[in-house]
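Visitor: Below you'll find the structure I mean.
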Amino acid sequence: MTSPLTPQDRAAFYGAAVLGLRALDARETTPRRFGPDAEARWTQFAGALGAGDRIDILLRDAAGTWGAAFSPSECFGFFGLADDEPFGPDWGGIDDHAAKRLLAEPDAPATLEHIAYGLGVKTAGVPVPPITPSTKLAVAGGTAIASVARVFAEDRALSWTDQVVVVADKAAWRQLAGLAAVLLGARGRTALVRPSEGADSALRALGFAHLDAAVVSPDAEPLAAELARKVGGK
């Protein structure tokens, strides 16, 4: 981990992740994670498991497809785990009381702005350059992620998965980037790299060896901002 995990970090992660799960359910013909039918299935299955276990099972299922949106390991950088293990022994989970509160929240449509605010993005936005379907962007900072996602939401010819790579170490920014793919209905998870040794190789492996621009906001981590500007030609 890049910094100590606090109870506030864990609570913010779960709050955003459950909103992402609700967004996935909203895209299903028949919702399978929430609602009366899901509640009935859980009651039959649960046994000694609690509400916290229920949320973690849902996250584990979603993390396989969407990565950092639902994976604490990919957000907080837990070491020594298998690539497909989202939790690990040090995560700690969510207590049943808090989990019940999240499960009982109204099933309202999630927005990226709502999720971003909960993860600590409080500024209005930053300028985004003109983007065509062939533009590839390096993005750093929570405000930059939200700003670029708005542009992609307004133009369905653009592909978040293929055109955007987010540079971040901060867990909240990594989760926000992951959830942007979910809310945009992207074809796959967000491309993410950490601004550390080996970042150039990671970019090549993800198909982002050549980038056209960078969008960096004031809340970006210094090393992430530096790398995004470097690979984006700014």
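Visitor: Taking the options Gly15, Gly50, Gly20, Gly67, name whichever one is in contact (Cβ under 8 Å) with a residue 40 or more places away in the chain, open to solvent by less than 50 Å² (accessible area, probe 1.4 Å) and farther than 19 Å from Ala116 by Cβ.
Guide: Among Gly15, Gly50, Gly20, Gly67, only Gly50 is in contact (Cβ under 8 Å) with a residue 40 or more places away in the chain, open to solvent by less than 50 Å² (accessible area, probe 1.4 Å) and farther than 19 Å from Ala116 by Cβ.
Visitor: I'd like to know if the range 181-191 contains one or more residues that are in contact with a strand residue (DSSP E or B) (Cβ under 9 Å, 6 or more places away or on another chain), at pLDDT 95 or above and of a type in the set (Lys, Arg).
Guide: Among the residues of the range 181-191, not one is in contact with a strand residue (DSSP E or B) (Cβ under 9 Å, 6 or more places away or on another chain), at pLDDT 95 or above and of a type in the set (Lys, Arg), which makes the answer no.
Visitor: Identify the residue in the range 92-138 that is under 20 Å from the mean Cα position of the chain (by Cα), modelled with pLDDT of 90 or more and over 30 Å from Asp212 (Cα atoms) and, among all such residues, is surrounded by the most Cβ atoms within 10 Å (Cβ to Cβ).
Guide: Here the answer is Ile94.
Visitor: Can you report the number of residues in the range 26-39 which are free of Cβ contacts under 8 Å to residues at least 40 places away in the same chain and either open to solvent by less than 50 Å² (accessible area, probe 1.4 Å) or in contact with a Pro (Cβ under 8 Å, 6 or more places away or on another chain) (or both)?
Guide: Count: 3.
Visitor: For Val139, state whether it is touching a helix residue (DSSP H, G or I) at 6+ places or on another chain (Cβ under 7 Å), within 30 Å of Asp53 (Cα to Cα) and of a type outside the set (Gly, Ala, Ser). Quick ask: steps written out before the conclusion?
Guide: Numbers: touching a helix residue (DSSP H, G or I) at 6+ places or on another chain (Cβ under 7 Å): yes; within 30 Å of Asp53 (Cα to Cα): no; of a type outside the set (Gly, Ala, Ser): yes.
Here the answer is no, as Val139 does not meet what is asked.
Visitor: Tell me the residue from Asp61, Asp56, Asp9 that is open to solvent by 40 Å² or more (accessible area, probe 1.4 Å) and touching a residue at least 12 places away in the same chain (Cβ under 8 Å), please. If you could, list the steps in order and put the result at the bottom.
Guide: On the way: Asp61 fails: touching a residue at least 12 places away in the same chain (Cβ under 8 Å); Asp56 fails: open to solvent by 40 Å² or more (accessible area, probe 1.4 Å).
Answer to the selection: Asp9.
Visitor: Give me the residue from the range 109-124 that is without any contact (Cβ under 8 Å) to a residue 60 or more places away in the chain and assigned to a loop (DSSP other than H, G, I, E, B) and, out of that set, nearest to Ala149 (Cα to Cα).
Guide: Selected residue: Ala124.
Visitor: Sticking with this one: In this structure, is Leu223 among the hydrophobic types (A, V, I, L, M, F, W, C) and either at pLDDT below 95 or open to solvent by 30 Å² or more (accessible area, probe 1.4 Å) (or both)?
Guide: Criteria met by Leu223.
The values are calculated or read from the model by the stated rules, or taken from the named source; none is laboratory data. What you see is a predicted model, and the numbers here were worked out from it, not measured in a lab. Methodologically, a virtual Cβ is constructed for each residue, glycine included, from the backbone with ideal geometry; neighbour enumeration extends over all protein chains shown. The accessibility values were calculated without ligands, DNA or RNA, using every heavy atom of the protein model including side chains. Shrake-Rupley method; radii C 1.70, N 1.55, O 1.52, S 1.80 Å.
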